[in-house]
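Participant: Take this structure first; my questions come after.
The values are calculated or read from the model by the stated rules, or taken from the named source; none is laboratory data. This is a predicted model, so every value here is computed, not measured. Here Cβ is always computed from backbone atoms with ideal geometry, including for glycine, and neighbour counts include all displayed protein chains.
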Amino acid sequence: MRWWASLSLRGRLILLGTTGLVVGLSIAGAAMAIAMTYSFRGSLDRSADSTVTEISALLDEGGKLPETLPAPANQVVQILDPQQHSVLAGDQNADLLVPLLRGPEVDRALHGERVEVPGDRAVQPDSLRVTAHQVPDGRIILVAVPLGDYHRSLDLLKDALWVTYPALIVVLVAIAWRVVGAALAPVDRLRLGAERITGAATDERLPVPPSSDEIQRLAITLNHMLDRLAVSRARQRSFIADAAHELRSPLASIRIQIEVAQKLGDWAAVSDDVLTDLDRLTRLVDDLLLLARADASDPRRSAVEPVELHSLLTTLAKRYDTVTVDPGEPLWTEGDPDALHRIVLNLVDNAVRHARDRVALAVVAENATEVLLTVTDDGRGIPAPLRERVFDRFARLDDGRARDAGGSGLGLAIVLELVRRHGGTVRLADARPGVRAEVRLPRLPEVT
């Protein structure tokens, strides 16, 4: 099928259409020929039956047969003896010595079959179609109709079909070629537009045809895709720039400290600071790696299992002196235990860095299908217009809530991504004082 793959879409559509057209016209032509055949034969048979009826009426009247039977000029009529099958009478076209039908042919004709015989039996140039009928006194009426006009009509029909159908196919293919070409012209324009846009940092978009069809919808969808790709590229550039900036700061600090230690020869004095910066670099790289894996992985393939949220909060609270857990009943959700642990850990770490005295954890049943997990600090709070920004990667509201407190600017971005992957939502609300992080997750019935 390489030849098929090598054809253009236009060529394949024309080939398929032409094949269907040829098959359809062939079936139509065959059906027409069959219909005309039965129509011509029916007309001949009705004419012969009419003559048989007239001759039968003549014989039923009795009396002596006329020397020449009345019959249409294009027919041959004979009356045969029932015993010897000899000719008793005939019309002006009939041979009075040679019967039209012989022995077994007479029996077949009397049983309703239309028998075709050579024309030389009646001195005719064309073959004959013979109809037989036996009257009550036993005599047999034979009426023969020449098939010359019938055959010539069929040949003329076949010749007309062989001439008109190919010419019709050629005309229709030419029309289809132009029509399909015009229909696919917007596709060519889309392709040319895509070639111009590919690899170029431009706001140009694909041309949208004015017609309300599939191609217009395709162009609109592709333009939406280009818009999303542009946003993604801008986000990627911003992310790379922010990541480079975050990595450069601790690296520059480490370099300065090492250079000072080289000059002073006092490595012990800078070792703690270097290790601190290395820890910061390690956390930052781990967070970047986690986000990259979250972006690339398929949440449907993640291993999920039931997780009891109240015990998860209690376990994490033991790490901190300033964190408390409100009492409550066991509540379950389904997800990746490590990811859920990371969600709570990041929220608690963020709250502890910015709390004045205490951080409170709680989980309650929001409704029959959701649980609400909250992490509340008593810090300075965040203005309402800025609460969405803190979930951006490398978000910086001020120096006090980020870098100096030990954050990398990725903690809440990781929380947002992991919560979305679990089919939940996260937002920040005013706790007066402080901020309350609210995470809503799907609820499972109690697991026993």
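Participant: Does any residue in the stretch 304-322 that is on the phi < 0 side of the Ramachandran plot and in a strand (DSSP E or B) come within less than 8 Å, Cβ to Cβ, of a residue that is modelled with pLDDT of 95 or more and among the aromatic types (Phe, Trp, Tyr) six or more places away or on a different chain, and which pairs are these?
Facilitator: Pairs found: none.
Participant: Across the stretch 51-67, what is the total count of residues that are out of contact with any strand residue (DSSP E or B) (no Cβ under 9 Å at 6 or more places or on another chain) and surrounded by 10 or more Cβ atoms within 10 Å (Cβ to Cβ)?
Facilitator: Count: 4.
Participant: Determine the pairs where a residue that is closer than 16 Å to Leu59 by Cβ and among the acidic types (Asp, Glu), located within the stretch 72-94, has a partner that is assigned to a loop (DSSP other than H, G, I, E, B) and at pLDDT 85 or above with Cβ atoms under 8 Å apart, the partner being 6 or more residues away or on another chain.
Facilitator: Partner pairs satisfying both residue conditions: Asp81/Arg139; Asp91/Gln75.
Participant: Something else about it: Identify, by number, the condition in (1) at negative phi; (2) assigned by TED's automatic domain parsing to the domain that holds Val52 that Gly138 doesn't meet.
Facilitator: It fails just one condition, (1).
A quick yes/no check of all residues on (1) of a type outside the set (Asp, Glu); (2) over 28 Å from the mean Cα position of the chain (by Cα); (3) modelled with pLDDT of 85 or more:
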{"site": "Val163", "(1), (2), (3)": "yes, yes, yes"}
{"site": "Val170", "(1), (2), (3)": "yes, yes, yes"}
{"site": "Leu184", "(1), (2), (3)": "yes, no, no"}
{"site": "Gly193", "(1), (2), (3)": "yes, no, no"}
{"site": "Ala200", "(1), (2), (3)": "yes, yes, no"}
{"site": "Pro207", "(1), (2), (3)": "yes, no, no"}
{"site": "Ser212", "(1), (2), (3)": "yes, no, no"}
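Participant: Kindly establish whether Val304 is over 25 Å from Ala243 (Cβ atoms), modelled with pLDDT of 90 or more and among the hydrophobic types (A, V, I, L, M, F, W, C).
Facilitator: So Val304 fails the test.
Participant: When the residues of the stretch 328-356 are filtered to those that are of a type in the set (Val, Ile, Thr) and buried (at least 21 other Cβ atoms within 10 Å of the Cβ), which remaining residue is nearest to Arg380 (Cα to Cα)?
Facilitator: Looking at residues that are of a type in the set (Val, Ile, Thr) and buried (at least 21 other Cβ atoms within 10 Å of the Cβ), I get Val348.
Participant: Please indicate, with yes or no, whether at least one residue in the stretch 99-111 is over 20 Å from Arg152 (Cα atoms), of a type in the set (A, V, I, L, M) and in contact with a His (Cβ under 7 Å, 6 or more places away or on another chain).
Facilitator: Scanning the stretch 99-111 turns up at least one residue that is over 20 Å from Arg152 (Cα atoms), of a type in the set (A, V, I, L, M) and in contact with a His (Cβ under 7 Å, 6 or more places away or on another chain).
Participant: Which one is nearest to the chain's Cα centre (by Cα), of the residues in the stretch 124-147 that are surrounded by 15 or more Cβ atoms within 10 Å (Cβ to Cβ) and of a type in the set (Gly, Ala, Ser)?
Facilitator: Among those that are surrounded by 15 or more Cβ atoms within 10 Å (Cβ to Cβ) and of a type in the set (Gly, Ala, Ser), it is Ser127.
Participant: If Pro70 passes every condition in (1) in a helix (DSSP H, G or I); (2) at pLDDT below 85; (3) touching a strand residue (DSSP E or B) at 6+ places or on another chain (Cβ under 9 Å) but one, which one does it miss?
Facilitator: (1)
Participant: Of the conditions (1) small (Gly, Ala, Ser); (2) in a strand (DSSP E or B); (3) more than 16 Å from Arg319 (Cα to Cα), Ala368 satisfies every one except a single condition; which number is it?
Facilitator: All conditions are met except number (2).
Participant: Could you say whether any residue in the stretch 202-213 is hydrophobic (A, V, I, L, M, F, W, C), farther than 30 Å from Ile14 by Cα and surrounded by 12 or more Cβ atoms within 10 Å (Cβ to Cβ)?
Facilitator: no
Participant: So if I check each of Val371, Val364, which one is over 42 Å from the mean Cα position of the chain (by Cα) and modelled with pLDDT of 90 or more?
Facilitator: Of Val371, Val364, the one residue that is over 42 Å from the mean Cα position of the chain (by Cα) and modelled with pLDDT of 90 or more is Val364.
Participant: Further question: Pick out the one residue from Ala261, Ala252, Ala244 that is touching a helix residue (DSSP H, G or I) at 6+ places or on another chain (Cβ under 6 Å) and either assigned to a helix (DSSP H, G or I) or surrounded by fewer than 12 Cβ atoms within 10 Å (Cβ to Cβ) (or both).
Facilitator: Of Ala261, Ala252, Ala244, the one residue that is touching a helix residue (DSSP H, G or I) at 6+ places or on another chain (Cβ under 6 Å) and either assigned to a helix (DSSP H, G or I) or surrounded by fewer than 12 Cβ atoms within 10 Å (Cβ to Cβ) (or both) is Ala261.
Participant: Now for a different question. Name every residue in the stretch 396-448 that is polar (S, T, N, Q), closer than 26 Å to Thr369 by Cβ and either at pLDDT 90 or above or in the same structural domain as Ala351 (by TED's automatic domain parsing) (or both), in order of residue number.
Facilitator: Thr425
Participant: Separate question: Here is a check on your reading of the model: is Ile55 at pLDDT 90 or above and either out of contact with any Ser or Thr (no Cβ under 9 Å at 6 or more places or on another chain) or not assigned by TED's automatic domain parsing to the domain that holds His133 (or both)?
Facilitator: Spelling it out, it is not the case that Ile55 is at pLDDT 90 or above and either out of contact with any Ser or Thr (no Cβ under 9 Å at 6 or more places or on another chain) or not assigned by TED's automatic domain parsing to the domain that holds His133 (or both).
Participant: Please go through the stretch 1-31 and pick out each residue that is loosely packed, with under 13 Cβ neighbours inside 10 Å and within 26 Å of Leu161 (Cβ to Cβ).
Facilitator: Leu16, Thr19, Gly20, Val23, Gly24, Ser26, Ile27, Ala28, Ala30, Ala31
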